[in-house]
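Notes follow the structure.
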Amino acid sequence: MVSLGVLQVANYLIPFLVLPIVSRILGASLFGSVSYAQNIVTYLTLLVNFGFEFSATRQIALAGDDRQQKDRIFWAVITVKILLLVLSFVILGLLPLCIERVACDPRLYIYTALTNIGLVMFPTWYLQGEQQMDKMAWANFFTKLLGAILVLLLVRKASDYRMYPLLLSVASIIIGFGALVYVIRHFHIGRFQCTFSSLREVIIPAAPIFLNNLFGSLYTTINLTLLGVFAADDVMGCFSAAQRLILALNMVIVLPISTAVYPEISRRFVQSKTNGIRFLKRVILYAGLSAAVVSALVYVTAPYAIRIIYGAGYAPAVEILRWLAPLPLLVMTATLLTVQGLYGLGLQRWAPWVGLTLATLCISLNLILLPRLGAQAVCISWTVAEVMECVLVGLILIVKGRSQTA
């Protein structure tokens, strides 16, 4: 956890060293346009990942020393992700017919979506299952570093705004290809083998996780999507500025803990449900305390963070960031309960229902409040959804967890 945490700090410090330069070059309006493109592509990324970062990780971890089983899982997941990648570009090709913003600048969205090629090649799920998270984190680090260097060298003026996501995509593809070659050689992955039964073996456990991730994105990602319907580009730029800070903090404090604990807690739940739940409670307690400190610091330092990172042109983002300050604590708690609790106990079939409930709540609140409150409405709906996730998943774990340990 500590090694991942240190690397994640570096992982997100690099973009933040670039962000003050890029945000000032582009200005709030063009920064909002690029952020909206990245927001739309996030849905395609969810499709391509398809929940394998959890389901396939668990399958690799539980396969132990069974090389044939691991090889079968590896090639099946890679095959499904390639098929989903093709489907994602088909969907992207149809979006200009539905969304005017995409039709006005299709190249921006294509350049942004190319990053998914790198994500398909990068077998994060395999490295997690083998508990080689340090190598995964270093690869992510070099992806960000390469992208940052390319951006600093080539993005010089506002008209280069399309170049910004394109260069990040190029970096993702280069590192993704390198990671794929490394995993195949280092872990001695056998020759390509893929059957209908092996595809079915990886798709079925991933499907409910994918649905939950999709529904979950509807109360995080869809905030900016809906804001784009009611607000101008500069407002989207300010909201995106605050949102990026929160998301980066979540990744720095939540991802290392969640990634490192997941394989271990999966094994503990398989060995003993009681010990698994006891371990989960300890993780939530200590991780929650650290996240609460981060949330308090975000609220206090919001004016300084926005001014230093983005500049005076993003002043409205200060209030937005303060509205979002509770999220590090809420996201930490919700992630541990859902990923470590539901998935670890094999209760992922409940996850899509939780996600659907939260998505419906979040979209409804946005549609009611956005015309009146603007960006504040998005902050309120996101916060309420995270609170409800903690409540709903906690109730499921209490009821189902007791029945499993009885």
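The values are calculated or read from the model by the stated rules, or taken from the named source; none is laboratory data. None of these values were measured; they are calculated from a predicted model. Here the Cβ is made from the backbone with ideal geometry for all residues, glycine too, and neighbour counts use every protein chain on show. Surface areas here come from the heavy atoms of the whole protein model, side chains and all, with no ligands, DNA or RNA. Shrake-Rupley method; radii C 1.70, N 1.55, O 1.52, S 1.80 Å.
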Does Gly276 satisfy the condition of being on the phi > 0 side of the Ramachandran plot and in contact (Cβ under 8 Å) with a residue 40 or more places away in the chain? no
Say whether the condition of being in contact with a Cys (Cβ under 8 Å, 6 or more places away or on another chain) and touching a residue at least 12 places away in the same chain (Cβ under 8 Å) is met by at least one residue in the range 201-220. yes
Taking the stated definitions as given, is Trp382 out of contact with any Pro (no Cβ under 9 Å at 6 or more places or on another chain), more than 23 Å from Arg282 (Cβ to Cβ) and open to solvent by less than 30 Å² (accessible area, probe 1.4 Å)? yes
Looking for something within 19 Å of the chain's Cα centre (by Cα) and under 19 Å from Phe31 (Cβ atoms) - is there at least one such residue anywhere in the range 114-130? yes
Where the second residue is surrounded by fewer than 23 Cβ atoms within 10 Å (Cβ to Cβ) and not in a helix (DSSP H, G or I) and the first is without any contact (Cβ under 8 Å) to a residue 40 or more places away in the chain and of a type outside the set (Ser, Thr, Tyr) and lies in the range 335-357, which pairs have Cβ atoms under 7 Å and are six or more apart or on separate chains? none
Among the numbered conditions (1) modelled with pLDDT of 90 or more; (2) under 22 Å from Ile189 (Cβ atoms); (3) among the β-branched types (Val, Ile, Thr), tell me where Val90 comes up short. (2)
Kindly indicate which of Leu227, Leu255, Leu280, Leu245 is open to solvent by less than 40 Å² (accessible area, probe 1.4 Å), modelled with pLDDT under 85, under 23 Å from Glu386 (Cα atoms) and of a type in the set (A, V, I, L, M, F, W, C). Leu280
Within the range 96-103, identify whether any single residue is over 30 Å from Leu199 (Cα atoms) and not in a helix (DSSP H, G or I), and answer yes or no. yes
On the basis of being open to solvent by 20 Å² or more (accessible area, probe 1.4 Å), out of contact with any Pro (no Cβ under 9 Å at 6 or more places or on another chain) and closer than 29 Å to Thr57 by Cα, does Ile398 make the cut? yes
